[in-house]
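The values are calculated or read from the model by the stated rules, or taken from the named source; none is laboratory data. Small disclaimer: the values here were computed from a predicted structure and weren't measured. Cβ placement follows ideal geometry from the backbone for every residue including glycine, while neighbour counts extend to all protein chains displayed. Ligands, DNA and RNA are excluded from the accessible area calculation, which covers all protein heavy atoms including side chains. Shrake-Rupley method; radii C 1.70, N 1.55, O 1.52, S 1.80 Å.
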Amino acid sequence: MTGQPHRPASHDAGQPFDADTVRAVCGHMNADHADDSLLICRALGGCPNATRARATGLDADGMDFAVAVDGIEVPVRIPFARRISERAEIRREVVRMHEQACDAFGLPPRSAERNTRSRPGLK
């Protein structure tokens, strides 16, 4: 799976999440899971040389990131495995993407305890 050209998330038929939810999820990812975002973008976003990644948006079909490659920030879209419509599904998809990225690099995923811990952004 590779990243797709950036398509900003907007609140329309393809966007079941309001701006506050998108902001909270992106803020949580950027504050608490920057390394996970980078791993996801390296493995699933077609940016193996990325040095930094930050979540910038999401919608029913995927998550958008701004990724630094060779000192230049580029947009990357990582599609979800399926269309989602509930906030709780965001967390499951991000965990799935993280596990898939770990598998791609032969890394062990985080412990189940850490993956199931409740956090404000991805509840």
List, in order, the whole-Hz ³J(HN,Hα) value for each residue of region 17-22 obtained from phi through the Karplus relation with A = 6.51, B = -1.76, C = 1.60 and θ = phi - 60°; use x for Gly and Pro.
10, 6, 4, 5, 5, 4
Computed FRET value (nearest 0.05) for ALA81 with ASP32, which takes r as the C-beta separation and R₀ as 22 Å:
0.45
For ASP61 and ASP103, extending 7 Å from Cα along the Cα-Cβ vector and measuring point to point gives, in nm, a value of 2.4 nm
Expected vector for region 95-107, Karplus 3J(HN,Hα) from phi with 6.51, -1.76, 1.60 and θ = phi - 60°, integer Hz, x for Gly and Pro, equals 4, 4, 4, 4, 5, 5, 5, 4, 4, 4, 9, x, 9
Taking amide H positions as placed in the peptide plane 1.01 Å from N, state which residues far from THR56 in sequence (5 or more) or on other chains have amide H under 5 Å from it.
ASP64, PHE65, ALA66
Roughly how many percent of the accessible protein surface of region 19-93 is carbon and sulfur, given a 1.4 Å probe and a whole-percent answer?
48 percent
